[in-house]
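Engineer: Let me begin by handing over the structure; questions about it come next.
A short reminder: the numbers here are calculations on the coordinates, not readings from a lab. Keep in mind that what you see is a predicted model, and the values were worked out from it rather than measured. Counting neighbours? That spans all protein chains shown, and the Cβs are built from the backbone with ideal geometry, glycine included.
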């Protein structure tokens, strides 16, 4: 069974796995320069123009697997050598599709005089005059005019990526929300997230020597991943790696739901705080909405805080689908509780670095949260949980949620809410649920596989399997 969607993901995984192998054996500093040759042996290139460039790019990937550029605060980085410098964005005529027609409707529709014809009567577009309005493309009977966009720039809805004059892509850290959309969408893997897998291995090795216990806090989206094994086998695999206990972040979701619903009823208007990319966007682009962001921790931090209050020697690693969580873990408010973050991609590399075959392991148990905590993983889940928490606490307040599926919907909702609140008016909704990834966490950049519909069904199924049927029952029954 395929573990990843794309070959780019598989290449990233290969690098992570080799780095992890060397780290377990304490040979990384001696052997990391050999990793590109291990992945691409022989003299023939498999992906690029020549073997030397291929290995040079792999060397850059190794650096990212070892933590990347420490001076760059952003967890998302561009590998300039890997960037294909895709053609500039804008409308272009596909020469073979242009039929040299007599109508010249493309020319007639252009108000800026950007369309012209050569001696063979084929259309061309003057980039200096073109305003990218798209009228020429709409008027062409043969669909011979297309809009080209760099995949990374198209994926980045907050416009944090630029690539002018045929140069490599670059990221504006002041705009980037670290959602990782560009990481997943770049066909060359030229944008990637830093890995802190070495820190996790170090924690686990020290734990094996009796120096503290390492807890794995797993995001509920895990149920829709690792389809080559059962969830109980994944839990067993985590313990085989050396994790002391595996806990659901969804239980933190239950805790947050109880607190956030009370905060909503007290303030009358609120936005969620569980998606760090959504919160980052508010901080950088709509700062006047910051007072309305929930003051509660995300489920990741809430659960980690509970663990550390229960076990003073605990080290906590969050494992989920989100690259933005790596940034959240480094915030001053989160640092005391979350020691490190791994994506599902990195977890698969960890398993294979220790030759752990999940499908051959006996099933262990993971059952700590309610249905409502588990559906935090998908769009609409936080709103459902907040409404349920109001009912369970007998709070006489009606939640009127606006569920924003993806950062574009979040941007529009925040703009409207900001204008109305500034004018002293209340929007039609009183609760904005913001999820930067389409579908929610189930479609995060660090997932092994991406399928919004299928993964939603899987998480809903997982929620219905919860033993605790109410939020309060889950929270009251917690034992770590």
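Engineer: For the range 82-99, check the following and say yes or no: at least one residue is more than 30 Å from residue 202 (Cβ to Cβ), in contact with a helix residue (DSSP H, G or I) (Cβ under 7 Å, 6 or more places away or on another chain) and surrounded by fewer than 16 Cβ atoms within 10 Å (Cβ to Cβ).
Structural biologist: Within the range 82-99, one or more residues are more than 30 Å from residue 202 (Cβ to Cβ), in contact with a helix residue (DSSP H, G or I) (Cβ under 7 Å, 6 or more places away or on another chain) and surrounded by fewer than 16 Cβ atoms within 10 Å (Cβ to Cβ).
Here's the yes/no breakdown for (1) free of Cβ contacts under 8 Å to residues at least 60 places away in the same chain; (2) surrounded by 24 or more Cβ atoms within 10 Å (Cβ to Cβ):
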site: 246; (1), (2): no, no
site: 252; (1), (2): no, yes
site: 259; (1), (2): yes, no
site: 262; (1), (2): no, no
site: 265; (1), (2): no, no
site: 269; (1), (2): no, no
site: 276; (1), (2): no, yes
site: 280; (1), (2): no, no
site: 283; (1), (2): yes, no
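Engineer: Say we look at the range 45-68 and pick out the residues that are assigned to a loop (DSSP other than H, G, I, E, B) and without any contact (Cβ under 8 Å) to a residue 40 or more places away in the chain; which of these is surrounded by the most Cβ atoms within 10 Å (Cβ to Cβ)? Step through it out loud before you land on a result.
Structural biologist: Just the residues of the range 45-68 that are assigned to a loop (DSSP other than H, G, I, E, B), to begin with: 45-50, 66-68.
Subsequent filtering for residues that are without any contact (Cβ under 8 Å) to a residue 40 or more places away in the chain retains 45-50.
Details: 45: 14, 46: 11, 47: 16, 48: 18, 49: 8, 50: 11.
Residue satisfying both the conditions and the ranking: 48.
Yes or no, residue by residue, for (1) surrounded by 15 or more Cβ atoms within 10 Å (Cβ to Cβ); (2) in a helix (DSSP H, G or I); (3) touching a strand residue (DSSP E or B) at 6+ places or on another chain (Cβ under 8 Å); (4) touching a residue at least 60 places away in the same chain (Cβ under 8 Å):
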| site | (1), (2), (3), (4) |
| --- | --- |
| 403 | yes, no, yes, no |
| 411 | yes, yes, no, yes |
| 420 | no, yes, no, no |
| 427 | yes, no, yes, yes |
| 437 | yes, no, no, yes |
| 446 | yes, no, yes, yes |
| 450 | yes, no, no, yes |
| 460 | yes, yes, yes, yes |
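Residue by residue, here is whether (1) in contact with a strand residue (DSSP E or B) (Cβ under 7 Å, 6 or more places away or on another chain); (2) surrounded by fewer than 22 Cβ atoms within 10 Å (Cβ to Cβ); (3) more than 28 Å from residue 249 (Cα to Cα) holds:
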{"site": "120", "(1), (2), (3)": "no, yes, yes"}
{"site": "128", "(1), (2), (3)": "no, yes, yes"}
{"site": "137", "(1), (2), (3)": "yes, yes, yes"}
{"site": "159", "(1), (2), (3)": "no, yes, yes"}
{"site": "169", "(1), (2), (3)": "yes, no, yes"}
{"site": "197", "(1), (2), (3)": "yes, no, no"}
{"site": "207", "(1), (2), (3)": "yes, yes, no"}
{"site": "216", "(1), (2), (3)": "yes, no, no"}
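Engineer: Among (1) surrounded by 14 or more Cβ atoms within 10 Å (Cβ to Cβ); (2) in a loop (DSSP other than H, G, I, E, B); (3) under 30 Å from the mean Cα position of the chain (by Cα), which single condition is residue 11 missing?
Structural biologist: Every condition holds for residue 11 apart from (2).
Engineer: Moving on to the next point. Give just the number: which of (1) touching a residue at least 24 places away in the same chain (Cβ under 8 Å); (2) more than 30 Å from residue 444 (Cα to Cα); (3) out of contact with any strand residue (DSSP E or B) (no Cβ under 6 Å at 6 or more places or on another chain); (4) part of a loop (DSSP other than H, G, I, E, B) does residue 98 not satisfy?
Structural biologist: (3)
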